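> Handing you a structure now.
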Amino acid sequence: MGSINIEGSNWRLVEVGRVVAINGDHPATGRIGVIVEIIDHKRVLVDGPSSDEALAMPRQSVPLAKCLLTAITVEGLTRGARRALVEEKWADSKVDEVWKSSAWAKKREQQAKRKALTDFDRFKVMRLKKQRRFEERKALQNIKASS
């Protein structure tokens with residue numbers, strides 16, 4: 001008979017070891033953590049031993065509605081793992097480096113910078129954009145005139 005090759009989907013599953021980003025109106029919004037235990041179909045136990053203080057979060061129960069599943073996983077993490085094991089596996093998987101190099105984290109950082117701009121900073125950005133646009137149009141006119 002023929003052989004059957006069964007492959008799993010590429011979907012992000014709610015599983016122990018999946019790194020999640022917290023969003024919404026939760027006290028830990030903007031932080032990341034790893035699922036340590038699945039409490040029920042609506043809640044998970046999350047622990048975030050990140051070395052970056054802005055991303056670290058204490059172990060707590062979080063509703064899945066407040067979690068955004070990332071593509072990052074922590075390999076070898078068992079259900080209900082204690083803090084020391086989670087820290088060890090977190091470091092082995094290099095979650096902090098992978099997260100900081102992701103487009104998601106870069107976009108969040110860019111949004112935070114823009115949100116922190118003052119009125120004068122926004123004015124300076126507008127002026128720089130106008131100057132760039134002027135230079136681009138002038139270069140385009142020179143190219144059109146020469147051809």
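> What number of residues within the stretch 21-35 satisfy the criterion of being free of Cβ contacts under 8 Å to residues at least 60 places away in the same chain, in contact with a Lys or Arg (Cβ under 9 Å, 6 or more places away or on another chain) and either β-branched (Val, Ile, Thr) or part of a loop (DSSP other than H, G, I, E, B) (or both)?
8
> Sticking with this one: Could you identify the single residue in Arg122, Arg79 that is among the basic types (Lys, Arg) and outside any helix (DSSP H, G or I)? Give the derivation first.
Numbers: Arg122 fails: outside any helix (DSSP H, G or I).
Exactly one residue qualifies, and that residue is Arg79.
> Checking Ser61 against (1) assigned to a strand (DSSP E or B); (2) in contact (Cβ under 8 Å) with a residue 24 or more places away in the chain, only one condition comes out false. Which one?
Only one criterion in (1) assigned to a strand (DSSP E or B); (2) in contact (Cβ under 8 Å) with a residue 24 or more places away in the chain is unmet by Ser61, namely (2).
> Next question, about the same structure. Identify, by number, the condition in (1) at positive phi; (2) of a type outside the set (A, V, I, L, M, F, W, C); (3) free of Cβ contacts under 8 Å to residues at least 40 places away in the same chain that Gly80 doesn't meet.
(3)
> For Lys124, indicate whether it is farther than 30 Å from Val19 by Cα, surrounded by 11 or more Cβ atoms within 10 Å (Cβ to Cβ), more than 23 Å from the chain's Cα centre (by Cα) and basic (Lys, Arg).
Details: farther than 30 Å from Val19 by Cα: yes; surrounded by 11 or more Cβ atoms within 10 Å (Cβ to Cβ): yes; more than 23 Å from the chain's Cα centre (by Cα): yes; basic (Lys, Arg): yes.
Taking the combined requirement at face value, the residue satisfies it.
> Could you grab me the full set of residues in the stretch 21-56 that are surrounded by 13 or more Cβ atoms within 10 Å (Cβ to Cβ) and either under 17 Å from Glu109 (Cα atoms) or among the small types (Gly, Ala, Ser) (or both)?
Residues satisfying the conditions are Ala21, Ile22, Asn23, Ala28, Gly30, Arg31, Ile32, Gly33, Gly48, Ser50, Leu55, Ala56.
> Return the residues of the stretch 5-20 that are within 24 Å of Glu88 (Cα to Cα) and free of Cβ contacts under 8 Å to residues at least 60 places away in the same chain; say none if nothing qualifies. It would help to see each step written out before you state the result.
Keep residues of the stretch 5-20 that are within 24 Å of Glu88 (Cα to Cα), which gives 12-20.
Across the stretch 5-20, the qualifying residues are Arg12, Leu13, Val14, Glu15, Arg18, Val20.
> Filter the stretch 60-75 down to residues that are within 11 Å of the chain's Cα centre (by Cα) and farther than 14 Å from Ala28 by Cβ, then give me how many there are.
Going through the stretch 60-75 one residue at a time, the tally reaches 4.
> I'm trying to understand the selection: among the residues of the stretch 1-20, which are part of a loop (DSSP other than H, G, I, E, B) and either within 18 Å of Thr73 (Cα to Cα) or of a type in the set (D, E, K, R) (or both)?
Glu7, Gly8, Ser9, Asn10, Trp11, Arg12, Leu13, Val14, Glu15, Val16, Gly17
> Out of (1) within 25 Å of Trp11 (Cβ to Cβ); (2) surrounded by 12 or more Cβ atoms within 10 Å (Cβ to Cβ), the odd one out for Ser101 is which?
It fails just one condition, (2).
> When both residues are 6+ apart or on different chains and their Cβ atoms are under 8 Å apart, which pairs have a first residue that lies in the stretch 37-58 and is within 15 Å of Val16 (Cβ to Cβ), and a second that is loosely packed, with under 12 Cβ neighbours inside 10 Å and among the hydroxyl-bearing types (Ser, Thr, Tyr)?
Ile39/Ser61; Arg43/Ser61; Val44/Ser61; Leu45/Ser61; Val46/Ser61
Throughout, read-outs are computed from the coordinates displayed, never taken from laboratory work. A quick note: this is a predicted structure, and the numbers were derived from the prediction, not measured. Note: ideal-geometry Cβ built from the backbone for every residue, glycine included; neighbour counts use all protein chains shown.
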